[in-house]
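Read through the structure below, which is laid out as structure tokens, and then see the notes.
The values are calculated or read from the model by the stated rules, or taken from the named source; none is laboratory data. All figures in this text were calculated on a predicted structure; none of them were measured in a lab. Here the Cβ is made from the backbone with ideal geometry for all residues, glycine too, and neighbour counts use every protein chain on show.
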Amino acid sequence: MFKIKTHFHFILFLALAPLGLFAEEGMLIPSVIQAFESDMKARGMKLSARDIYDVNNASLKDAILHFNGGCTAELVSDRGLLLTNHHCGYSQIQSHSSLQNDYLKNGFWAKNLNEELPNNSLYAARMVRIDDVTKAIMFGINEGTPEAERRQKIAENSKKIIEDAQRGSEYKAEIKEFNYGNDYYIIVKEIFTDVRLVGTPPNAIGKFGGDTDNWVWPRHTGDFSVFRVYAGKDNKPAGYSKENVPYKPLHYLPISMLPRKSGDFTMVYGFPGTTEQHVVSAQIKHIVEKERPARVQMRESALSVIDAGMRSSDEVRIKYSAKQARIANAWKKWIGQIDGLVSLDAVQVKKDYEAKYVKRAETNSSWSKYATIVDKMNRLMIENSKVDYEYAVMVEYLTIGPEIFSLARTFAGLEKEIEDGLTGEALASKKVALQSSIEGFFKNYDGGIDQKIFQKVSETYIKLLGEQGIPEELRNIDLAKYTQKLYDKSFLTDKDRALSMLGKLNSKKIKSLKKDAAYSLYKGVLNQLITSVLPKYRVFNQQMEESLKVYVEGKYVMFPNEKHWADANGTLRITYGALEGSSPTDGMMYTEHTTTDGILAKHRTGNADFELLPDMVEKFKQKDFGPYAQDNELWVCFSGSNHTTGGNSGSPVIDGEGRLMGLNFDRSWESTMSDYMFDPDRCRNIVVDIRYVLWVMDKYAGATHLVDEMKLVK
């Protein structure tokens, strides 16, 4: 069985690659970081590889936590103080907010441990170790093993390896596939479930710039929030309890108060979500011309309603802030992604590489499977473009369309359980749990807003798919009348009706559930997705995954001297580069940092996204920056040449001696295509400077006690 010799290729590449071209691209697995130590030191790092990742001793990795599975956070005190982005903690901030306690607008700062706010279902995970287990996973498998048998054997081997890793400890383990099945790693984690909200700046700092500035440089957003990890008295993970105490970490990051300059070494340590660097030219073309534009249209339809509603009412603003942020983030990213891929002529770049790949494969008879794989992948994409497009549009409709679909999912789950035989006390217990869920849903629901979303998004959905692509319920109807009737009558649009339906629902009342127009529509769309689209989509994806395994293998085999790195998959990674600006387009030069002067300049434009609270204006004008200033200026954000993606939000940006410089929170508009294609001249990550974070805590919010917890290096 072919096995990629990861360490060898990393080392060989470093020996042959010209200095200055490498640091900007690639998300490196921590357990192989030693292969990069000399290169990192040449660029300004003073740490050793073991300082960064060490299984047997405390290291930087022990200060980096996976925040609720979607972001990154870092420990910054010996009492479990945790920093992440404001947008990463936004749903928790929103859940604690009300008209009486508007933490979104005014911010929140716990004065002591007793005031810190618990959060349901929030967790933070520390990675204990990551090990290459490819040989153990592939035990009993060879080139001739049938695919079904191969998958079964991998599952059996994985189960045994996980059981061995978890035995005798409180740790949790999972096995992740890398390089499309050419490599496998085991990830062993320690998961903390008592994580409390300590502080958040107001939206005018944490979301300063709003959608106007999202994915844009220059940036002036104080995108941070503060949590604390709690543990049992034995310092091990424990469910929420008043008896829990602040977690004492194996390592926490000291804070760099030192001056920065362009060219300084930077390292991002975090949990990047997904990259797809190996997609072929036909797939890039499909993404740019069809799939992304359709998703953008769907989200624009929803946002046009939500944005107007949030401007009209503080109550709506509080209810929909987190929802708006979730929808808008990908919407604007995709617009920039399309622009970046077109600007780079990405389709032609891919075609040129594919021609080189095939030409190389044809020079060796043992590489015959590589010679045909590119054509196979491009044909796969072309033949399945329609099903991929339909899948994207349907998923958007069901997930970012009308909110009643979310509630319908809850009832659909209960319907299935009842049909499977759920009765008596078990059913009653389930209903009690769902009652709380339904009440929570309506706490943040506005029927008038949702009705407008339904009509607007449904119009777009029908236009994009056409009459044959939509369920019977939406064909040949007066959409305005249909919408009005649906929202007047459906149990999904009213809390009392929803609770009443829940209360009476049993095996004999399933028919009344199915007769509801909104519920019937949800089931119709879902059924069409599941029966007409999903089977084909799954076959397409499986075939593409199998092809990618061969394609990526070919890259390692045929081009051993080129740089290769595994696509991001939500596991801990390291990327390194420098603090630097960029010149992404002709005549455009971006400096490497911004200051508070830019905040006031943007505020003066009158754009609502640059609104400041009155006391902020005075604070910024006073320029009382204290020890947080550099040359009498307060840096707000800076940019770097680190390769990042979704999931890196909240990641620490660390200097050459292991000190925290800032929190990664975004990429520039010109960088959003880096999930598919990285351009070292254009791509920059965006960071909120830790000194601005501390100034907000100390000088603006008066939460000096939190700054006092940290170790400041001056």
Task: First in the stretch 647-676 and without any contact (Cβ under 8 Å) to a residue 40 or more places away in the chain and in a helix (DSSP H, G or I), second anywhere and buried (at least 24 other Cβ atoms within 10 Å of the Cβ) and not hydrophobic (A, V, I, L, M, F, W, C), Cβ under 9 Å, 6 or more apart - done: none
- [ ] Filter the stretch 226-260 for residues that are in contact (Cβ under 8 Å) with a residue 40 or more places away in the chain, not in a loop (DSSP other than H, G, I, E, B) and not aromatic (Phe, Trp, Tyr) and give the result.
- [x] Val226, Arg228, Val229, Ala231, Pro246, Ile255, Ser256
Open item on the list: Considering only residues that are over 13 Å from Tyr269 (Cβ atoms) and either among the charged types (D, E, K, R) or free of Cβ contacts under 8 Å to residues at least 40 places away in the same chain (or both), which ones fall in the stretch 50-82?
Closed with: Arg50, Asp54, Asn56, Asn57, Asp78, Arg79
Task: Of all residues in the stretch 586-607 being surrounded by 10 or more Cβ atoms within 10 Å (Cβ to Cβ) and among the small types (Gly, Ala, Ser), the one that is nearest to Trp635 (Cα to Cα) - done: Gly598
Open item on the list: With the structure loaded, tell me whether Thr605 is farther than 21 Å from Lys699 by Cα, in a loop (DSSP other than H, G, I, E, B), at pLDDT below 95 and polar (S, T, N, Q) or whether it fails that test.
Closed with: no
Task: Options Ser547, Ser500; residue that is of a type in the set (Gly, Ala, Ser) and over 30 Å from Lys369 (Cα atoms) - done: Ser500
TODO: Please indicate, with yes or no, whether at least one residue in the stretch 399-421 is over 24 Å from Ala325 (Cα atoms), among the basic types (Lys, Arg) and surrounded by 15 or more Cβ atoms within 10 Å (Cβ to Cβ).
DONE: no
- [ ] For the stretch 205-225, enumerate the residues that are of a type outside the set (Ser, Thr, Tyr), outside any loop (DSSP other than H, G, I, E, B), in contact with a Ser or Thr (Cβ under 7 Å, 6 or more places away or on another chain) and at pLDDT 95 or above.
- [x] Gly206
TODO: Just name the residue that is farthest from the chain's Cα centre (by Cα) out of those in the stretch 384-424 that are free of Cβ contacts under 8 Å to residues at least 40 places away in the same chain and closer than 21 Å to Asn541 by Cβ.
DONE: Lys386
TODO: Of the numbered conditions (1) among the β-branched types (Val, Ile, Thr); (2) in a helix (DSSP H, G or I); (3) more than 30 Å from Ile418 (Cα to Cα); (4) free of Cβ contacts under 8 Å to residues at least 24 places away in the same chain, Ile453 fails exactly one; give the number of that condition.
DONE: (4)
TODO: Mind listing whichever residues of the stretch 558-604 are over 27 Å from the mean Cα position of the chain (by Cα) and among the charged types (D, E, K, R)?
DONE: Glu562, Asp586, Asp597, Lys602, Arg604
Task: Condition check for Lys105: farther than 20 Å from Asp655 by Cβ, in contact (Cβ under 8 Å) with a residue 12 or more places away in the chain, out of contact with any Phe, Trp or Tyr (no Cβ under 8 Å at 6 or more places or on another chain) and not in a strand (DSSP E or B) - done: yes
TODO: Return the residue satisfying two criteria in turn: it lies in the stretch 477-492 and is more than 21 Å from Leu505 (Cβ to Cβ) and of a type in the set (S, T, N, Q), and of such residues it is nearest to the chain's Cα centre (by Cα).
DONE: Thr483
TODO: Report the residue count in the stretch 261-312 for those that are β-branched (Val, Ile, Thr) and part of a helix (DSSP H, G or I).
DONE: 6
Task: Filtered residues of the stretch 310-334 (kept if under 13 Å from Lys207 (Cα atoms), of a type outside the set (Gly, Ala, Ser) and surrounded by 19 or more Cβ atoms within 10 Å (Cβ to Cβ)) - done: Gln324
TODO: Please enumerate the residues belonging to the stretch 402-430 that are out of contact with any Lys or Arg (no Cβ under 9 Å at 6 or more places or on another chain) and within 22 Å of Ile453 (Cα to Cα).
DONE: Pro402, Ile404, Phe405, Ser406, Leu407, Arg409, Thr410, Phe411
TODO: Report yes if Tyr269 is over 30 Å from Glu25 (Cα atoms), aromatic (Phe, Trp, Tyr) and either touching a Pro at 6+ places or on another chain (Cβ under 8 Å) or surrounded by 19 or more Cβ atoms within 10 Å (Cβ to Cβ) (or both), otherwise no.
DONE: no
TODO: Test each condition in (1) over 15 Å from Met673 (Cβ atoms); (2) without any contact (Cβ under 8 Å) to a residue 60 or more places away in the chain; (3) within 21 Å of the chain's Cα centre (by Cα) for Ala302 and report the one that comes out false.
DONE: (2)
Open item on the list: Suppose we keep only residues that are among the charged types (D, E, K, R) and within 29 Å of the chain's Cα centre (by Cα) within the stretch 516-557. Which one would you say is farthest from Tyr53 (Cα to Cα)?
Closed with: Lys523
